[in-house]
Amino acid sequence: MELRHLRYFVAVAEEGSLTVAAEKRLHTAQPSLSRQLRDLEQEVGAQLFLRTSRGVELTPAGQAFLEHARLSLHQAREAVAAARRVARPAKTSFAVGFLTGQEVEWLRHVTHVLKDQLKDIDLRVSSDFSPHVADAVERGDIDLGFSRVEPRPDVSYKVIAHEPIVVILPRDHPLASDTAIDPRDLDPHGFIGYSETPHVLRGIVDRYLRERGVTVSPTHFLDGFATGISLVASTGGVTLLPAYVEPLLPASLVSRPLVGNGPVIEVAAGYRPDNPSPILKFFLENIDTLTASRSRHAGGGSP
């Protein structure tokens with residue numbers, strides 16, 4: 001018994017017709033197919049099909065044989081695939097980490113830069129809080145990290161964007177009708193502050209408010225954009241977050257710019273200079289393509 005016998009048998013069983021199986025699936029002549037099936041039945045020692053005016057039907061023996069025939073064909077395909085995987089050289093791994101939420105904006109631009117390499121590499125993507133992304137770069141767990149500039153002894157950064165920081169507030173909040181919000185109008189007790197985790201953002205916002213004589217007394221603290229959005233939605237308060245969160249806001253929330261020259265926060269690509277990855281080297285040499293790709297999308301109205 002050969003694999004082609006099993007393939008012919010399964011095709012006819014699934015189509016319920018010798019003619020359809022021969023012409024549409026097997027691309028062989030019907031007499032030849034009938035002969036192969038007779039040979040199969042002779043070898044099995046049981047009748048597998050009943051020929052009717054409507055086509056063919058499986059006998060009880062054929063029903064029992066079908067399950068095992070499908071399994072055998074599947075195992076044969078897996079055997080071929082396993083051999084090919086072993087025969088192929090392993091793909092080079094390239095791991096990229098993102099500050100959670102930033103992958104929505106930046107991953108497509110990363111893949112644009114690496115478009116000619118993607119078929120030959122195993123691209124791995126993860127997301128985490130900004131300090132954790134920097135730690136992963138320093139440990140060598142990832143090759144490239146998109147985060148804030150988080151000082152680490154062995155990590156270098158290339159700043160790729162400056163994001164405005166905006167006010168996030170409920171759609172029905174009294175300040176939501178303003179086209180831009182003066183920080184002095186913020187309710188000091190309704191302001192959602194920051195934990196130790198987003199320390200870069202916290203430092204920028206604290207300095208911005210202090211320079212404008214604004215004092216806040218938060219009772220809730222966010223550790224990431226998702227927590228911030230949830231707290232604004234559940235408490236009716238407000239907070240300041242980088243503009244990259246705007247496309248991620250639910251319908252109940254809106255964003256508004258700050259009056260005048262509002263604060264900005266950097267987005268940076270972090271890496272270890274001693275990382276020997278040729279993919280990283282290529283990416284860094286072509287990082288201008290990354291920012292150019294983002295500028296084109298922004299110009300076209302993409303978030």
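The values are calculated or read from the model by the stated rules, or taken from the named source; none is laboratory data. Model, not experiment: these values are computed from the prediction. Cβ sites come from the backbone with ideal geometry, for glycine too, and all protein chains shown count toward neighbours.
Looking at (1) not in a loop (DSSP other than H, G, I, E, B); (2) not assigned by TED's automatic domain parsing to the domain that holds residue 236, can you tell me which one residue 142 breaks?
(1)
Would you check if residue 93 is among the small types (Gly, Ala, Ser), under 30 Å from residue 287 (Cβ atoms) and surrounded by fewer than 15 Cβ atoms within 10 Å (Cβ to Cβ)?
yes
Residues of the stretch 177-191 being closer than 20 Å to residue 164 by Cα, out of contact with any helix residue (DSSP H, G or I) (no Cβ under 7 Å at 6 or more places or on another chain) and not in a helix (DSSP H, G or I), which ones?
Matches in the stretch 177-191: 178, 179, 180, 182, 186, 191.
Any residue at all in the stretch 113-121 that is surrounded by fewer than 20 Cβ atoms within 10 Å (Cβ to Cβ) and among the polar types (S, T, N, Q)?
yes
Among the numbered conditions (1) modelled with pLDDT under 95; (2) farther than 26 Å from residue 146 by Cα; (3) surrounded by 13 or more Cβ atoms within 10 Å (Cβ to Cβ), tell me where residue 233 comes up short.
Here residue 233 meets the rest and fails (1).
Which one is modelled with the lowest pLDDT, of the residues in the stretch 113-148 that are farther than 24 Å from residue 224 by Cβ and of a type in the set (Asp, Glu)?
Per the stated criteria, the residue is 120.
Among the residues of the stretch 199-224, write down those that are surrounded by 13 or more Cβ atoms within 10 Å (Cβ to Cβ), acidic (Asp, Glu) and free of Cβ contacts under 8 Å to residues at least 24 places away in the same chain.
Answer for the stretch 199-224, where residues must be surrounded by 13 or more Cβ atoms within 10 Å (Cβ to Cβ), acidic (Asp, Glu) and free of Cβ contacts under 8 Å to residues at least 24 places away in the same chain: just 206.
Any residue in the stretch 185-194 that is more than 28 Å from the chain's Cα centre (by Cα) and surrounded by fewer than 13 Cβ atoms within 10 Å (Cβ to Cβ)?
yes
Quick one: is residue 44 out of contact with any Phe, Trp or Tyr (no Cβ under 8 Å at 6 or more places or on another chain) and of a type in the set (Val, Ile, Thr)?
No, not satisfied.
Cβ-Cβ under 7 Å, sequence separation 6+ or interchain: first residue in the stretch 260-272 and surrounded by fewer than 16 Cβ atoms within 10 Å (Cβ to Cβ), partner part of a strand (DSSP E or B). Which pairs?
Pairs that qualify, where the first residue is surrounded by fewer than 16 Cβ atoms within 10 Å (Cβ to Cβ) and the partner is part of a strand (DSSP E or B), are 264/162; 264/163; 264/164; 264/165.
Please work out if residue 82 is of a type in the set (A, V, I, L, M, F, W, C), exposed (fewer than 12 other Cβ atoms within 10 Å of the Cβ) and not assigned by TED's automatic domain parsing to the domain that holds residue 148.
yes
Being under 15 Å from residue 268 (Cβ atoms), of a type in the set (D, E, K, R) and in contact with an Asp or Glu (Cβ under 6 Å, 6 or more places away or on another chain) narrows it down to one residue among 105, 138; which is it?
138
Would you confirm whether any residue within the stretch 173-181 is over 21 Å from residue 249 (Cα atoms) and either outside the structural domain of residue 259 (by TED's automatic domain parsing) or among the β-branched types (Val, Ile, Thr) (or both)?
no
Residue-by-condition table, conditions (1) surrounded by fewer than 19 Cβ atoms within 10 Å (Cβ to Cβ); (2) without any contact (Cβ under 8 Å) to a residue 40 or more places away in the chain; (3) outside the structural domain of residue 218 (by TED's automatic domain parsing); (4) more than 17 Å from residue 242 (Cβ to Cβ):
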{"residue": "123", "(1), (2), (3), (4)": "yes, yes, yes, yes"}
{"residue": "126", "(1), (2), (3), (4)": "yes, yes, yes, yes"}
{"residue": "154", "(1), (2), (3), (4)": "yes, no, yes, yes"}
{"residue": "197", "(1), (2), (3), (4)": "yes, no, no, no"}
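Taking the stated definitions as given, is residue 71 in contact with an Asp or Glu (Cβ under 6 Å, 6 or more places away or on another chain), without any contact (Cβ under 8 Å) to a residue 12 or more places away in the chain and on the phi < 0 side of the Ramachandran plot?
No; evaluated as a whole, the condition is false for this residue.
Give 280, 241, 284, 201 a once-over and let me know the one that is within 24 Å of the chain's Cα centre (by Cα), closer than 23 Å to residue 134 by Cβ and outside the structural domain of residue 121 (by TED's automatic domain parsing).
That would be 241, the only listed residue that is within 24 Å of the chain's Cα centre (by Cα), closer than 23 Å to residue 134 by Cβ and outside the structural domain of residue 121 (by TED's automatic domain parsing).
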